[in-house]
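> Sharing a structure with you now.
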Amino acid sequence: MKRRTFLKGSAAATAGTMVFPTIVPSHVLGKNAPSNKIRIGQIGFGRIAMTHDLPETLRHDMTIGVAVADVDLKRAQLGKAWIEKFYADREKAGYSDVAVYQDYREMLQDDSIDAVIISTPDHWHAQPAMEAALAGKDIYLQKPASLTIQEGRQMSNIVHRTGVIFQQGSQQRGTFPWPQFHRACELVRNGRIGELEKIEIGLPGDPAGMEEPPMPVPEHLDYDMWLGSTPVEYYTEKRVHPQLDFSRPGWLRCEQFGAGMITGWGAHHLDTAHWAMGTEYTGPVEVEAEATFPESGLWNVHGDFMVHAKYANGVQMQVSGTFPNGVKFYGKKGWIFVSRGNVAVTASDPTKPDAELKALDASKARFLKSEIGPDEIHLYKAPEQHEDWLNAIRSRRDPVAPVEVGHRSCSACLVSHIAMKIDGKLHWDPRHERFIDNDRANAMLERPQRYPYGTNYVR
């Protein structure tokens, strides 16, 4: 399969058939001509795609949104309308004629599409990413990387094999809108708080729900494909997503489709911890956890929990909803705390930002005033996450959160989730990605996959 290869500051010739806007505004001439733009396909059109992924990607002149795919055809049509209105409002002169697909695999066959954004439920992350990589598409994938550690490993291997540009949606690595995470990680990496000893990570929680009755499947929803590799269950709206708006979907609270907040927010905060420790390509070596789970109702992800983890460098990590939402690093000389402050991610976040929660704080003011010297560790300073991905597509270098980094952050979360289900301390081998002498835990590294869906059937 042919694909376009972008060079820094310029673009190669286009392979495949091009579909240009019906009306071409004047600004597209020269370097901004459609042939020089990164042609974007959106897989999954929900609240995150609409409020975050598409706006942050399409605002750059180097891109053009050309296609939307969603198993809910109504949402796919709304995505088409959203993109076309975006261009009409911005250009005041025309629109992009956006293609619509119910099956994203048909979109991937379009050689003129250069890159895809995957903003789907968690159980539909790894498979489309693998298939997009095999189709030669560069990939922006929402977190977490995968539903299981096995899926994540399969995905990372294929991305590396194909050489496509992959960015994990670890937005706290970008300097916009939260530059404090980069700053905190550099300070910790350079020993401003002394030798790192302990990390406390605070995550929000999710309440249980009521039993929900079966409902007719909407005609525009391919529910079998939406379930994907997971077992067949009766349709009810709160298991999937709202039909009348884009509020927070119910699948987030169903273990069938994800692991709950341990991956939902944990993928961000554990990634920050890994970045500060320099453990981005490994994981914990010991994990022990306790958690409560709902005994009834449709929503069954974990409630209150506490995870204790240890890394090979000796650092102890605790993850719990009892801590403030953020990451606190304790060293022999003091501590540094970092969070998103009072900046909300979406209007429907399950926890309200705390006005008293500082974005960046420390036990001693001099920690935060410290300058990083020229001979010290300087972490990659990326712009906003989507912009960094687009720049990487042009330059063909790794972005700030490449696939293996995303997989390892997710793995630490999933290992913690497994520990919630098994009493006692688990010993994890991050090199071989196996638990030591624990068959029960190892059996949870993967899930049965319902044919024809699932990463096991991607070739």
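Since every read-out is calculated from the coordinates, none of them should be taken as a lab result. Note that this is a predicted model, so its numbers are computed, not measured. A quick note on method: Cβ atoms are made from the backbone with ideal geometry, for glycine too, and the neighbour counts reach across all protein chains shown.
> Which ones in region 218-234 are farther than 20 Å from Gly258 by Cα and buried (at least 16 other Cβ atoms within 10 Å of the Cβ)?
Within region 218-234, just Leu221 meets the criteria.
> If I ask for residues that are charged (D, E, K, R) and under 28 Å from Phe176 (Cα atoms), which ones from region 43-91 would you list?
Arg47, Asp53, Glu56, Arg59, Asp61, Lys80, Glu84, Lys85, Asp89, Arg90, Glu91
> Residues Thr120, Thr148, Thr51: which one is touching a Ser or Thr at 6+ places or on another chain (Cβ under 9 Å), closer than 21 Å to Glu384 by Cα and not aliphatic (A, V, I, L, M)?
Thr51
> Here is a check on your reading of the model: is Gly331 touching a residue at least 24 places away in the same chain (Cβ under 8 Å), within 20 Å of the chain's Cα centre (by Cα) and crowded, with 17+ Cβ neighbours inside 10 Å?
No: the conditions fail for Gly331.
> Checking the conditions here, which among Ala133, Ala129 is on the phi < 0 side of the Ramachandran plot and within 15 Å of the chain's Cα centre (by Cα)?
From the options Ala133, Ala129, the qualifying one is Ala129.
> Within region 285-303, how many residues turn out to be surrounded by fewer than 18 Cβ atoms within 10 Å (Cβ to Cβ) and under 23 Å from the mean Cα position of the chain (by Cα)?
Number satisfying all stated conditions: 1.
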